[in-house]
């Protein structure tokens, strides 16, 4: 099963979703990318995922353009921006899904104020993607 998770910057939500899917099943072929990828994975996303034993610290944001000629069983957008500008793939995409989440990177304040937002979004991604995994992939 080959899956691509898309968001805008590929720094938070799509990286967390990729991390969860890989943790659920090591045999899934999972990638994440952004429509406008930024420079590095968000450190708060790395931190909150590590709290659950999932290491995304070596991941790098990638452009969706890297994957346009590939075939996927699922392309999943996790933010409205990526859903709106989701490109046309030259390879076959069997299923397109949108499972949207608030952007934790929009949270402002100290680490003590921001981390709860990242944890909440992480937990929402965990619940929704575990449900997706259980109903669609097993």
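Every number in this text was worked out from the coordinates using simple rules, so none of it is lab data. In this text the structure is predicted, and so the values were computed from the model without any measurement. Here Cβ is always computed from backbone atoms with ideal geometry, including for glycine, and neighbour counts include all displayed protein chains.
Over all Cα atoms in segment 30-138, the spread is summed up by Rg and Dmax: 14.7, 44 Å.
Rounded to the nearest 10 degrees, the angle from helix 13-24 to the longest Cα principal axis of the chain is 70 degrees. The calculated FRET efficiency for residue 70 paired with residue 111, based on their beta-carbon distance and R0 = 35 Å, is about 0.40. Length gained on full extension, residue 95 to residue 1: 32.7 nm, using 0.36 nm per residue less the C-alpha separation. Packing, taken as the mean count of other beta carbons within 10 Å per residue, orders the peptides 34-47, 54-67 from highest to lowest as 34-47, 54-67. Helical runs assigned H by DSSP (4 residues or longer) give the chain a calculated mean residue ellipticity at 222 nm of -10500 deg cm²/dmol, each run adding -39500 (n - 2.57) before division by the residue total. Our estimate of slack between residue 88 and residue 27, defined as 0.36 nm per intervening residue step minus the Cα-Cα distance, is 19.3 nm. Compared with the dominant principal axis of the Cα atoms in the chain, helix 111-132 is inclined by about 30°.
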